[in-house]
Amino acid sequence: MIITGKHLSRRTMLRGMGAALALPLLDGMVPAFAAAPPPVRRFGAIYVGMGMNMRIWAQDVPGQLEMNPILAPLESFRDRLVVVSGLDNIQALSNADAGQHPRAQSSWLTGARAKKTDGPDIHLGVSLDQIIAREFAQETQLGSLELALEPTEIVGNCAYGFSCAYNNTISWRSPTTPQPMENNPRNVFERLFGATDSTDPDVRRRQLKTQASILDSVAEQVSGLGTGLGPRDRQKLADYLDSVRDIERRIQKAEEQVDMKLPLVEQPVGIPDQFAEHSKLMFDLQLLALQTDLTRVFTFVIAREGSNRSYPETGVTDSHHPLSHHQNNGGKLERLAKINAYHVSQLAYFLDLLQSTSDGDGTLLDSTMLLYGSGMSDGHMHLPKNVPTILVAGRNLGITGNRFVQFPPDDSTPLANLQLTMLEKLGLDVEKFGDSDGMLTGI
């Protein structure tokens, strides 16, 4: 980091057209002769429903990580990965009633058992992300960001007498307060950089046609700011603003395409038709939120439990949920593994963004911890034992990667034990989380 004589406030904002753009961390925000600030800590949880092809996922012995076909998209990041085996999502275990899907998803990040109800008396537990957000929100404008790629209703009956709150979010502020997730990139962009006066789609559409770009409206400020920065800061600022402009363009393009194809259909505006484009847009927005320090905590549901989405771009035409009930059929398991790998490739895209974005003397990836996984292992049996789990840890978090860590499968080690250990690695002093019964060694 090059520390200059010019000192910008860490909270410097560019304002225009009713929006405010936070700036990424620049060298010029560090006072002259001051020690470089310690890197911040960031956390994200990424959920994929209905388990994995465990025959491919599983590794025979602990030690150095073996990059199987599902993990293959993460090859270039193997030094940041710890794949953990033998952890159980205990609160999702069935007691003879239906509802394994909502219980698997809701307990994954809470370590709590969902109360069966489709009414207002929902009850679960505080999720891992919200415990972290309570601590980190002291330094950011947004406590956390909750995103998804599928419908996000949290009222009504979504599965087997369970409220949609259990099926459409993984984030819970309190045992009775789920955090709604957002699947519309336009709404996320407005939350980060300024919202319109109305949530009516027609109003927002008219505004898009009449208003200039947010960046055009702050162009003079950007020009004035850039003249006082060093070469590295100017490049950082240019790269950041290019990213904001590109996301703006892609959201507007998606809105135009939606309007042309389905002008009379009531559906969210700004959601791309293609899964990969939608996923990448949401990851790009998460990157901007972390880069600008608007928040340090996010949750993201790539595929919710019970999802019937198909991914023909992978060569697999089966819907995800029926395919997860593979009945141990070799062909179905092979196709399921392709979907699993496709989901993992979305994570690889995000890791590449984090690795490519400078942050102090390192990158955003260096100070970010991610939890990626599912609330069940075998989707056919709805089995919440030995759930597939990836821990991604940056270099500043004291975790060594390129490892496969295995805990005895007969010990019923709670997944919450790993999450309690993650809290400790993030610097939070928490004695118990969910159904944890101790920290894990070897992480």
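Numbers below:
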| item | result |
| --- | --- |
| Residue match in region 405-420 (condition: among the aliphatic types (A, V, I, L, M) and over 19 Å from PRO62 (Cβ atoms)) | yes |
| Exclusive hit being crowded, with 20+ Cβ neighbours inside 10 Å, within 15 Å of the chain's Cα centre (by Cα) and modelled with pLDDT under 95, set GLN346, GLN291 | GLN291 |
| Close pairs (7 angstrom Cβ cut-off, 6 or more residues apart or separate chains): surrounded by 12 or more Cβ atoms within 10 Å (Cβ to Cβ) in region 432-443, assigned to a loop (DSSP other than H, G, I, E, B) anywhere | PHE433/GLY111; GLY434/THR110; GLY434/GLY111; GLY434/ALA112; GLY434/GLY125; ASP435/GLY111; SER436/GLY111; ILE443/ILE399 |
| Only one of GLY375, GLY398, GLY362, GLY394 that is surrounded by 18 or more Cβ atoms within 10 Å (Cβ to Cβ) and at pLDDT below 95 | GLY394 |
| Residue list for region 320-332, filter: among the small types (Gly, Ala, Ser), farther than 16 Å from PRO69 by Cβ and loosely packed, with under 14 Cβ neighbours inside 10 Å | none |
| Residue match in region 427-437 (condition: within 12 Å of VAL82 (Cβ to Cβ) and of a type outside the set (Val, Ile, Thr)) | no |
| Residue in region 346-360 that is in the same structural domain as GLN419 (by TED's automatic domain parsing) and in contact with a His (Cβ under 7 Å, 6 or more places away or on another chain) present | no |
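The values are calculated or read from the model by the stated rules, or taken from the named source; none is laboratory data. In this text the structure is predicted, and so the values were computed from the model without any measurement. Cβ sites come from the backbone with ideal geometry, for glycine too, and all protein chains shown count toward neighbours.
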